[in-house]
Structure formats: C-alpha cells, structure tokens
Amino acid sequence: MSEQKTNHINRLLTSLDDTTLVSSRWLRAHGYSTSLVARYVASGWLESPARGVYLRKGGRLQWQSVVRSLQSREGLSLYVGGRFALALQGYEHYLRLGEAPVVTLYGPDRPPGWVAKLPLEARFEFCGGAPFDLALPGMTTNAPDRELSAQGLGRQAELDGIVCSSPERAMLELCDRPPDAALVYEADALMQAMASLRPARVGLLLRHCRSVKAKRLFLALAERHGHAWVPHVPLDGVDLGSGKRSLVSGGRLHPTYQITLPGDLDEQLG
C-alpha cells in the first residue's frame, strides 16, 4: 500500500475509538469513497454492523455511541428525552423485567434507517418533536452548554457527553405521550420521586409547552405529591387552556386542572 493510502486509513482509525460509529454519508463527506470503504472492510480495518454504518474492526456497539454519532457526526437535532432520559438520571429505579431498554429520541430530524437495523439489545423509539415552541440548538460538541440549559437540556458527562433532557423537560415530554391509565400511573410514580425539581426551569418550560394536556397532568401530579418546589413555580404566562380534558375513561375529574385521572392512583403506588 502507498504511503498516501496508509496515511488515509491511519487518519480514519485515529479518529475512531472502540465504540465510535460513522455512516457512509459522513465517510463520503470526509473523502472516503464507497469503493475505498469497501476495501477497508475487506482488509479487516472496518466492519459494518448494518448497511450504511461502520466501526473499527472488533469495536463495541453501544446505544450511547449511536446517539453520539447522530448528534456529533451526523449533526442531527436529536436528543434523549422522555422516559429514557428520566431512567438515565435515576428517576426510574428498574427496567421493565424481560424487556429491552427503549431509547426515546426526540427532535425534528428523523434518525437514519440504519439505526433500527443495528444488532443491539436496546431499541430506539423516535418520538418526533417535543411539545415546546423553543428552537433547538445544535447537538454537536460545539453547542454551548448555556444554550442547551436554556432549553432544559444538558450533556451527560458519564455517557460520552450525549445531550439529554433535564428531569423537568423529560417529565413534560412523558406527560405529552398518548394518554391512558398506564401512562398516568407511570408518570405519577415518577413524579413522586421528583422532590428537587427547579421551579424556575419548570416555569420556563411550562410557558413554552404547547400541550395543554401535558401541562395539566404535570401540575396535577406535582401538587398531588406536595413537593416543596410546587408553590414556587412561576405560572404567569402559562396557558392551561379551557374546558375539560379526558385522559382516562371513568376516571375522577381533578377539581383544579379539569382532567380525568384514574381513581385508584394511591393503590397503584402500593
């Protein structure tokens, strides 16, 4: 192999650690043609866990590296939010027995097709855009932390710096999911543990949340558990809509927030 070609593969391998994924699109954009990548695979330098994506030969496939690739290399406005973001930050103390973890991704950009084809125990669920009227900043490593924080987002240093929802944002995202009794039971159990949410951030996100259902459910559950931060949430400018909202059939109507909640919430908490 010529010295130029050797330098080319060496630069690529140096940029990849044992878990980094790179897509065909990224490789082409950085001067690696389809035929050249095919030679790298045949020579044993790269392997392809799914069509259109590569990692170093012998590399380890992890869900974290998938998200890091989507954010930092693909430049997609996608982040970990909702239920899985809460689990990552200690608010869900167990995974559902017998079920693989489900990484809930939010954002305006749809994940590329290769994400669903990776041979991982974890699977990815694309939840679409979150219910906020805030324009997402970039998710690359160049995005300032203050811009992320202003949206209720942050980097998880212990997870390769991937961007996730804060507990306040993730809880509102969970409350926005299609309503049924199971969702309310889960949201209620999670809210019980949220004794340290930041009232200023809660108020900001409530003002910018477009989902009346999510805001009412969030506030009803927070008040139900009597957290000390609830009276300090600034509600000026928070639109809670008008009229009743039915979340579950045959439930009890919350007198303040005019939503129906299951009548057996206390029993579900055990």
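The values are calculated or read from the model by the stated rules, or taken from the named source; none is laboratory data. Computed from a prediction, not measured in an experiment: that's the story for all the values here. Positions of Cβ are generated from backbone atoms using ideal geometry, with glycine treated the same way; all protein chains shown enter the neighbour counts. Ligands, DNA and RNA are stripped out before the accessible areas are found, and what is left, the full protein with its side chains, is counted by its heavy atoms. Shrake-Rupley method; radii C 1.70, N 1.55, O 1.52, S 1.80 Å.
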Most mobile of A195, A150, A135 per a Gaussian network model of the chain (Cα springs, under 10 Å)?
A135
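Relative contact order (percent) for the chain, with alpha-carbon contacts under 8 angstrom and 6 or more residues of separation? Let's see the in-between values first.
Numbers: 400 pairs, mean separation 38.1, N = 270.
In percent, rounded to a whole number, it is 14.
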If a/c stays under 1.5 just call it rounded; otherwise compare a/b with b/c (prolate if a/b is bigger, oblate if not). Do that for region 118-256, with a ≥ b ≥ c from the square roots of the Cα gyration tensor eigenvalues.
prolate
Residue-wise HN-Hα coupling along region 208-220, computed from phi with Karplus coefficients 6.51, -1.76, 1.60 (Hz; x: Gly, Pro):
9, 8, 8, 8, 4, 4, 5, 5, 5, 5, 4, 5, 5
What is the set of long-range amide H partners of F132 at a cut-off below 5 Å, with H atoms built 1.01 Å from backbone N?
R210
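At a Förster distance of 45 Å, what's the computed FRET efficiency of D264 paired with A29, Cβ-Cβ distance as r, to 0.05?
On the way: r = 55 Å, r/R0 = 1.22.
Computed FRET efficiency for D264 and A29 comes out at 0.25.
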Counting only protein heavy atoms with a 1.4 Å probe and every protein chain in place, the carbon and sulfur fraction of the accessible surface of the chain in whole percent equals 49
Could you go through region 123-135 in sequence order and give the Karplus-derived ³J(HN,Hα) for each residue, using 6.51 cos²θ - 1.76 cosθ + 1.60 with θ = phi - 60°, rounded to whole Hz, and x for Gly and Pro?
10, 10, 10, 8, 9, x, x, 6, x, 10, 9, 9, 6
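For the chain, the longest stretch holding no GluC sites (Glu not before Pro) located in a DSSP loop with at most 16 other Cβ atoms within 10 Å is which?
Values: sites that count: E99, E121.
It runs 122-270.
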For L46, the residues 5 or more places away or on another chain with a placed amide H closer than 5 Å to its own amide H are V41, K57
So how far apart, in nm, are the two label points at S43 and V230 if each is 7 Å from Cα heading toward Cβ?
6.4
Once you have the Cα-Cα distance between E186 and D239, take 0.36 nm times their residue separation minus that, and quote the gain in nm to one decimal.
16.6 nm
Taking H as built 1.01 Å from N, whose amide H comes closer than 5 Å to the amide H of R245, not counting residues under 5 places away?
I259, T260
What list of ³J(HN,Hα) couplings, whole Hz, do you get for region 223-230 from phi and the Karplus terms 6.51, -1.76, 1.60, once you set θ to phi - 60° and write x for glycine and proline?
5, 4, 8, x, 5, 5, 7, 4
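Given a Förster radius of 22 Å and the C-beta distance between N7 and A116 as r, what FRET efficiency does 1/(1 + (r/R0)^6) yield to the nearest 0.05? It would help to have the intermediate numbers written out before the result.
On the way: r = 35 Å, r/R0 = 1.60.
The pair N7/A116 has a calculated efficiency of 0.05.
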Pop the C-beta distance of A150 and Q89 into the FRET formula with R0 = 25 Å and round what comes out to the nearest 0.05.
0.85
